[in-house]
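Engineer: Shown below is the structure under consideration.
Derivation of every value follows stated rules applied to the coordinates shown; laboratory data play no part. All values reported here derive from a predicted model rather than from experimental measurement. Heads up, the Cβs are rebuilt from the backbone with ideal geometry, glycines too, and the neighbour counts pull from every protein chain shown.
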Amino acid sequence: MLPMLECIEAMAGAFRALFNGDARLPLRQVISLPGSPNLLALMPGQLGLARENSALGAKVITVFPGNDATPLDSHLGVVLLFEAEMGRLIAIIDASSVTAIRTAAVSGVATQALSNRDAGDLAILGAGVQAMTHLEAMRAVRTIRRTRVWSRSAERRELFARKAQKKFGTLVEVVDSPESCVHGADLICTVTASREPVLKGDWIARGAHVNAVGAALPTARELDTTAVARSRLYVDRRESALVEAGDILIPITEGAFKADHILGELGEVLMGAARGRESTSDVTVFKSLGLAIEDLAAARHIYEEGVARGTGVWVSFGGVRDGA
């Protein structure tokens, strides 16, 4: 009920709504579990402030990076969707699936807006869930001529290549270093769980576009300082980026640039309020952290599809007074 192309359209609509002031989006709350990299996050928000058209709710999710070596996803939880007329809970949706699809769809929106139109040499750093959905999203918005993948785990990158071949009928080249993966690529997606840089600025070809997705903590980054400093930098939301994005905060702390190195939010680019790529030789970076409005836009789409199709499991959680 959430095909990639439809999700890309829904994500673009969510970012336009954010630009137009038609959303409420507090910073997410994150609890770090002692002695581990594991997190519990709460992401509330409202998309569409008119009652009759409002997606109101929250995503509650755990992030356990070590799950990548198990049958479980690294992101586990639910998206809770409420209606804004009487406050009824109307849907509980698997957050693992929503996160996998909507995150890649947002990268698809950014790639449409910021990459060169003929970009099609794709490098993916990381071989987990987000790698597969990002391959799908990149194929949805650009004509992909070549795909390479790198992961620290040789077994996982080989498995990814086999799965991609089966799912999309496309050849994926498996490489043994991040540098060889991105050499000459004009589309790069970093979707790792690394807390240290896996992409160096000196490796990035002129004209490339980078979707930096994996790191979402102020102390973690996938891109080194040079990669961010040499780029035209865009974010999903400034407020979030300047609190949570280590890819940006660490270079600021180092004195490499200031906050105004961020040239725009994705919604600003879509609405023409911020300039995107100015030259085919520009390197553009989109730093994605993930926003609650993305989950709400996806949840609303899924709910409406579920109602229209008569699918899903219908349950009652109470809340109705006795005798009503």
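Engineer: Where a ≥ b ≥ c are the square roots of the eigenvalues of the C-alpha gyration tensor, would you call region 65-178 rounded, which needs a/c under 1.5, or, failing that, prolate if a/b is larger than b/c, or oblate?
Structural biologist: oblate
Engineer: How large is ³J(HN,Hα), in whole Hz, for each residue of region 174-186 in order, when computed from phi with the Karplus curve 6.51 cos²θ - 1.76 cosθ + 1.60 and θ = phi - 60°, using x for Gly and Pro?
Structural biologist: For region 174-186, the Karplus curve yields 9, 10, 9, 8, x, 5, 5, 5, 8, 4, x, 6, 10 Hz.
Engineer: Report, for the chain, the % of DSSP beta bridges that are antiparallel, rounded to 5.
Structural biologist: Taking every DSSP beta bridge with both residues in the chain, the antiparallel ones total about 50 percent.
Engineer: Choose one of Gln165, Ile101, His183: the residue whose Cα lies farthest towards the positive end of the charge dipole of the chain (beta-carbon charges +1 Lys, Arg; -1 Asp, Glu; about the Cα centre).
Structural biologist: Gln165
Engineer: Taking the dipole about the Cα centre of region 179-221, with the C-beta of Lys and Arg at +1 and of Asp and Glu at -1, give me whichever of Thr192, Ala205, Thr219 is farthest to the positive side.
Structural biologist: Positive-end residue among those listed: Thr219.
Engineer: Let me ask another. Pairs of Cα atoms under 8 Å, at least six residues apart: use those to get the relative contact order of the chain, whole percent.
Structural biologist: Once normalised by length, the contact order is 18 percent.
Engineer: Continuing with the same structure: Is region 117-287 best put as rounded, prolate or oblate by its Cα gyration tensor, with a ≥ b ≥ c the root eigenvalues, rounded for a/c under 1.5, and otherwise prolate when a/b is larger than b/c, oblate when not? Please list the in-between numbers first.
Structural biologist: On the way: a/c = 1.85, a/b = 1.43, b/c = 1.29.
In terms of gyration-tensor shape, prolate.
Engineer: Can you work out the Karplus-derived ³J(HN,Hα) for every residue in region 142-149? Use 6.51 cos²θ - 1.76 cosθ + 1.60 with θ = phi - 60°, whole Hz, and x for glycine or proline.
Structural biologist: My calculation for region 142-149 gives 9, 7, 8, 8, 8, 9, 10, 9 Hz in order.
Engineer: For the chain, build the charge dipole from Cβ charges (+1 Lys, Arg; -1 Asp, Glu) around the Cα centre, then report which of Gly120, Leu47, Cys7 sits farthest towards its positive end.
Structural biologist: Comparing the listed Cα positions along the dipole, Gly120 ranks first.
Engineer: Right, next: How big is the charge dipole of the chain about its Cα centre, in debye rounded to the nearest 20, if each Lys and Arg gets +1 on its Cβ and each Asp and Glu gets -1 on its Cβ? Can you show the working numbers first?
Structural biologist: Numbers: 35 positive and 37 negative charges, 71 e Å.
Roughly 340 debye for the chain.
Engineer: Report D for the chain in µm² per second (integer): Stokes-Einstein, Kirkwood Rh on Cα pairs, 20 °C, 1.002 mPa s.
Structural biologist: This corresponds to a translational diffusion coefficient of 107 µm²/s.
Engineer: Here's a follow-up. Taking a ≥ b ≥ c as the square roots of the eigenvalues of the Cα gyration tensor of region 169-258, is the shape rounded (a/c under 1.5), prolate (a/b larger than b/c) or oblate?
Structural biologist: prolate
Engineer: Per the helix-only calculation at 222 nm, which mean residue ellipticity applies to the chain, given -39500 (n - 2.57) for every DSSP H run of n ≥ 4 and division by its residues, nearest 500 deg cm²/dmol?
Structural biologist: Helix contribution divided over all residues of the chain: -10500 deg cm²/dmol.
Engineer: State the volume of the convex hull built on the alpha-carbon positions of region 243-318, expressed per residue in Å³ and rounded to an integer.
Structural biologist: Spelled out: Cα convex hull of region 243-318, divided by residues, is 182 Å³.
Engineer: Hey, another quick one. Work out which trypsin sites (Lys or Arg not before Pro) in the chain are exposed loop sites (DSSP not H, G, I, E or B, at most 16 other Cβ within 10 Å) and give the longest gap free of them.
Structural biologist: By the stated rule (loop sites, at most 16 other Cβ atoms within 10 Å), 1-87.
Engineer: Excluding residues fewer than 8 places away in the same chain, name every one of the lysines whose C-alpha is closer than 24 Å to that of Lys287.
Structural biologist: By straight Cα distance, Lys287 reaches Lys59, Lys200, Lys258.
Engineer: Using modelled backbone amide H atoms (1.01 Å from N, in-plane), which distant-in-sequence or interchain residues come within less than 5 Å of Arg232's amide H?
Structural biologist: Under 5 Å from the amide H of Arg232: Val283, Thr284, Val285.
Engineer: Please list, in chain and number order, the residues 5+ apart from Asn38 or on another chain whose amide H is under 5 Å from its amide H, with Hs placed from the backbone.
Structural biologist: Those lying under 5 Å, H to H, from Asn38 are Leu33.
Engineer: Can you give the longest stretch of the chain with no exposed loop site, where a site means GluC sites (Glu not before Pro) in a DSSP loop (not H, G, I, E or B) with at most 11 other C-beta atoms within 10 Å?
Structural biologist: The answer is 86-277.
Engineer: In the chain, which helices (entire DSSP H runs) extend 15 Å or more along their own long axis, judged by Cα positions, while averaging at least -0.5 on the Kyte-Doolittle scale?
Structural biologist: Values: long enough: 4-19 (22 Å, 1.21); 95-114 (27 Å, 0.94); 129-141 (19 Å, 0.46); 154-168 (21 Å, -1.39); 292-309 (25 Å, -0.11).
Passing helices, by number: 4-19, 95-114, 129-141, 292-309.
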